[in-house]
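Read through the structure below, which is laid out as structure tokens, and then see the notes.
The values are calculated or read from the model by the stated rules, or taken from the named source; none is laboratory data. Remember, it's a predicted structure, so these values are computed and weren't measured experimentally. Neighbour counts are summed over all protein chains in view; Cβ atoms, including those assigned to glycine, are modelled from backbone coordinates with ideal geometry.
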Amino acid sequence: MIRVNENYAKLQASYLFSEISKRVKTYQGEHPDKKVIRLGIGDVTEPLPPACIEAMHKAVDEMASRSTFRGYGPEQGYDFLREAIAANDFAARGANVAADEIFVSDGAKCDTANIQELFADKLTIAIPDPVYPVYVDTNVMAGRTGKSSKGRYKGFVYLDCTQENGFVPDLPTQPVDLIYLCFPNNPTGATATRAQLKAWVDYAKANKALILFDAAYEAFIRNPELPHSIYEIEGARDVAIEFRSFSKTAGFTGTRCAFTVVPKSVVGYTKKGEPVPLHAMWNRRHTTKFNGVSYPIQRATEAVYSPAGKEQTKALIDFYLQNAAIIRSTLIELGYTVTGGDNSPYIWVNVQKDSWKFFDMLLKRAQIVTTPGAGFGRCGQGYIRISAFNSRENVEEAMKRLRKVLK
Ligand code: PLP
């Protein structure tokens, strides 16, 4: 008898974004004449930087000739890309990460989920609330939690992120083994200072825990005081794995390229307490189960680090950050307390009402789609997330409508 993974039955019925699309579809069906502006799902809207397109074209042409054709590539990524990442994203910031500690992949979503294969079934996992839902759901699928009750799964240690702690969680009051952190944060747009990250690194060291640090939005950091990588913090090389993505950095959501850093010094432990390097384990997992990112896409990604690519990606992110600034200042002007939108593409708005009700009100009265904070966890209740990924025209039109409806 073929048995199923019954952990899937524990997953809460409606995934946030499918519920949003259902409500938007229903509304549009009833009001086909209304123009809905989507500031909900965090997908990019602007085309790829020209430097990436040029590099991709050139690489495609190489595939057309016997002398330059490439078949299977190294699963961990081509050296040209791993070296460009090590030099530009880490060495340039004083962070010590070697090229062979970088594993190129097709997404931070898959990597944050797949990394769990390296760990034992029974772990105490600290999960921020609100949170990017992938960390939660993939642990549920893997059987690391009990059932859900009142929006929380049994077995997790939830780290409340609130207005009071600036949406940077406090250290847990009980020992935990695995810690998820994400800065700049999705959904709150909050960032963490060096001192705040140092406290987490010290905690992980003291508890033999591991930090999974998601830095998918690091390119949006403009405040020079803020760290971009956890490896800018002393000691992090021993206790942290970092996830990065070109999805938002360079508009690669449809193109697919990301990477994970597993330092050679980071370890997990056997039942007997013997340390085991996670680098070798992840290398084994990656080479056994992943075929690598295609050559043209890796060449397009390498171009992100060329002089023209750097200028173009900076301009792309500046464009979204200007959208974010417009949204942020409008909401502040309307009297709302907001977080994010300065070093992040997300604006987290305290609406002091049920977030789904506020979502429905904005959809019906202003035809604007946002994301209800409650969909990211219990602490997201009373908030909505607004995304800056859109055209300037749409953002300006949306703010005009917000002014009318919320004043
Ligand atoms: N991590 C966070 C916090 C995200 O918000 C997202 C995408 O929205 C991802 C990871 C996924 O990145 P990728 O497109 O590389 O899978």
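Worth pointing out:
- Per-region count, region 244-280, residues part of a helix (DSSP H, G or I), more than 11 Å from the ligand (Cβ to nearest atom) and in contact (Cβ under 8 Å) with a residue 40 or more places away in the chain: 2
- Which listed residue, of Ala308, Ala315, Ala324, Ala366, is among the small types (Gly, Ala, Ser), more than 16 Å from Arg403 (Cβ to Cβ), at pLDDT 95 or above and more than 21 Å from the chain's Cα centre (by Cα): Ala308
- Test: residue in region 266-288 that is within 23 Å of the chain's Cα centre (by Cα) and farther than 24 Å from Ala209 by Cβ: no
- Picking from residues in region 116-135 that are away from the ligand (no atom under 12 Å from the Cβ) and not in a loop (DSSP other than H, G, I, E, B), the one that is farthest from Arg237 (Cα to Cα) is Asp129.
- Residue within region 190-201 that is modelled with pLDDT of 95 or more, in a loop (DSSP other than H, G, I, E, B) and either surrounded by fewer than 19 Cβ atoms within 10 Å (Cβ to Cβ) or in contact with a Ser or Thr (Cβ under 6 Å, 6 or more places away or on another chain) (or both) present: yes
- Within region 1-46, the set of residues being touching a Leu at 6+ places or on another chain (Cβ under 9 Å) and within 30 Å of Arg299 (Cβ to Cβ) comprises Val44, Glu46.
- Residue pairs whose Cβ atoms lie under 6 Å apart, sitting 6 or more positions apart in sequence or on different chains, and linking a residue in region 15-34 that is assigned by TED's automatic domain parsing to the domain that holds Leu362 and under 21 Å from Gly373 (Cα atoms) to a partner that is part of a loop (DSSP other than H, G, I, E, B) and of a type in the set (Val, Ile, Thr), are Phe17/Ile41.
- Set Val24, Val60, Val44, Val97: member being more than 16 Å from the ligand (Cβ to nearest atom) and under 26 Å from Thr260 (Cβ atoms): Val97
- In this structure, Pro169 does satisfy being modelled with pLDDT of 95 or more and in contact with an Asp or Glu (Cβ under 7 Å, 6 or more places away or on another chain).
- Matching entry among Gln352, Gln312, Gln298 (being under 27 Å from Gly40 (Cβ atoms), of a type outside the set (Gly, Ala, Ser) and not in a loop (DSSP other than H, G, I, E, B)): Gln312
- Taking the criterion of being without any contact (Cβ under 8 Å) to a residue 24 or more places away in the chain and among the charged types (D, E, K, R), the residues of region 161-190 that qualify are Glu164, Asp170.
- Which listed residue, of Ile347, Ile317, is closer than 20 Å to Glu46 by Cβ and not in a helix (DSSP H, G or I): Ile347
- Selection status of Val60, assigned by TED's automatic domain parsing to the domain that holds Pro224, hydrophobic (A, V, I, L, M, F, W, C) and surrounded by 19 or more Cβ atoms within 10 Å (Cβ to Cβ): no
- Pair list, Cβ under 7 Å, 6 or more apart: region 79-92 residue modelled with pLDDT of 95 or more and buried (at least 17 other Cβ atoms within 10 Å of the Cβ), other residue among the aromatic types (Phe, Trp, Tyr) and not in a helix (DSSP H, G or I): Ile85/Phe259
- Residue check, Gly235 at pLDDT 95 or above, touching a strand residue (DSSP E or B) at 6+ places or on another chain (Cβ under 7 Å) and more than 28 Å from Cys379 (Cα to Cα): no
- Filtered residues of region 317-358 (kept if within 13 Å of Pro187 (Cα to Cα) and of a type in the set (Phe, Trp, Tyr)): Tyr346, Trp348
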